[in-house]
Amino acid sequence: MGAKRYKPEEIISKLREAEVLLAEGVSVGEVVRRLGVTPVTYYRWRKEYGGMKVDQAKRLKDLEKENARLKRLLADAELDKAILKEAAFGKLVGPSRKRQFIEHACTELGVSERRACRVVGQHRSTQWRKPQKLDDEDALTAAIIELASKYGRYGYRRITALLRRDGWHVNHKRVARIWRREGLRVPQKQPKRGRLWLNDGSCVRLRPERPNHVWAYDFVQDRTRDGRKFRMLTVIDEFTRECLAIDVARRLNSQSVLAILADLMVQRGVPDHIRSDNGPEFAATAVREWIAKVGAKTLFIEPGSPWENGYNESFNGKLRDELLNVELFNDLREAKVLIERWRRHYNTIRPHTALRYQPPAPEAIAPADLASTMWRLRPDQPSNGSNSMLT
């Protein structure tokens, strides 16, 4: 059996893991052993993929697939041009005109109906069926929409019974067709969820005891001026309330989570626990395995219980209230600059009520003074010495 071949995404993930381990003081030989590769392979990976992110590797793979697709399309380009030349005699503005042209193209050019439908943008089911609109179609549609708006929990079968009571001679199949065409549906009921509570009404949750004890992360979404969405990955230290990072991008997935966590762990060390909700980007197998490999533990909140991640939810509310709701971002670059500027202001200047109106990481306080300040703000914590408060 030959050696295992790793995908570029797996190689980049292993290199991220190696960076964290090297930052923790692990030797290169031990890192290579944990990765399960030879030193030659490790240095070759660093030469080929060092400094590269997962999205860059994916873009390279997508470009290769696109080139192959363009080569296949080139062989059919001339035939598609011939079909479009036949359509140049008039505008194909409706299904009936397109239906006539497709029949003409199949007869004159000998092309298949499938290809002709694809070129002119006609669905094949539209090509086959001859629609016949009844005289009372519009009135029946208006009656169905009115009843659906009045009785939101009724389905199309009960709406059919109401229509018959009002004098309509209609069966449930016709009502179902109009129901689907208009996009009507019965909203799903919200299921009741059981909670995990203590006798005093508080939720069972690990509380942070020192800096770098518990990190929490979550996603926030907003839009730029052109209406396009972008996402923000917010990471905070629950004990100090400091915002460690806000990663801004159009799309963020599990690999993006690994990238930002790896950078933070290189700078600040590995936390004991990382708290998040059960989103697919956080609960992905690759994320959980990678976090376990670097020595941290994952804490997932109960589904539908955002208050169990209260520190991060509170921070996200401040971010939206103080920045996102008052700033109009023209593009993604402007959003990154303004959000990073707000993050620095939040950490170094903005007073935090839970810290007795002190910022989470004030620039004017030296590290030793900051340790004693944070200690005085939390007198209920066990005494471990001021040096243990900082990482």
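The values are calculated or read from the model by the stated rules, or taken from the named source; none is laboratory data. From a predicted model like this one, the values you see are computed outputs, not experimental measurements. Reconstructed Cβ throughout: ideal geometry from the backbone, glycine too, with neighbour counts over all protein chains shown. SASA here: full protein model, heavy atoms, side chains in, ligands and nucleic acids out. Shrake-Rupley method; radii C 1.70, N 1.55, O 1.52, S 1.80 Å.
Numbers for the structure displayed
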quantity	calculated
Cα→Cβ-extended label distance, 7 Å offset, between Glu182 and Thr41, nm	6.2 nm
Placed amide H near Ala245: partners under 5 Å, 5+ positions off or other chain	Val235
Summed residue charge, Cβ within 14 Å of Trp290's Cβ, Lys/Arg positive, Asp/Glu negative	-1
Exposure ranking of Arg129, Arg210, Arg177 by accessible area [1.4 Å probe, largest first]	Arg129, Arg177, Arg210
Accessible heavy-atom area order of Val40, Val214, highest first, probe of 1.4 Å	Val40, Val214
Backbone HN-Hα couplings from phi across segment 137-142 [Karplus 6.51/-1.76/1.60, Hz, Gly and Pro as x]	5, 5, 5, 5, 4, 5
Accessible surface ranking that places the most exposed of His352, His345, His169 first, with a 1.4 angstrom probe	His169, His345, His352
Under the Karplus curve 6.51 cos²θ - 1.76 cosθ + 1.60, θ = phi - 60°, whole-Hz ³J(HN,Hα) for segment 332-349, x wherever Gly or Pro sits	5, 5, 5, 4, 4, 5, 5, 5, 5, 5, 5, 4, 5, 5, 4, 6, 10, 10
Karplus-derived 3J(HN,Hα), 6.51/-1.76/1.60, for each residue of segment 234-239, Hz, glycine and proline x	9, 10, 10, 9, 5, 6
Value of D in µm² per second that Stokes-Einstein yields for segment 123-177, Kirkwood Rh from Cα pairs, at 37 °C (0.692 mPa s)	266 µm²/s
Ratio Rg/Rh, restricted to segment 205-259 and using Cα atoms, in which Rh is the Kirkwood radius	1.08
Dimensionless Rg over Rh [segment 5-90; C-alpha; Kirkwood]	1.39
Sorted largest first, extent of segment 269-316 alpha carbons per principal axis (Å)	29, 23, 15
Segment 16-63, accessible area per residue, ligands and nucleic acids excluded (1.4 Å, Å²)	64 Å²
Heavy atoms of Phe230: accessible area, 1.4 Å probe, square angstrom to 10	0 Å²
Span per principal axis, largest first, for the Cα atoms of segment 204-319 (Å)	43, 27, 26
Paramagnetic reach from Lys85 (point 7 Å along Cα→Cβ, amide N under 14 Å) across segment 108-124	109-110
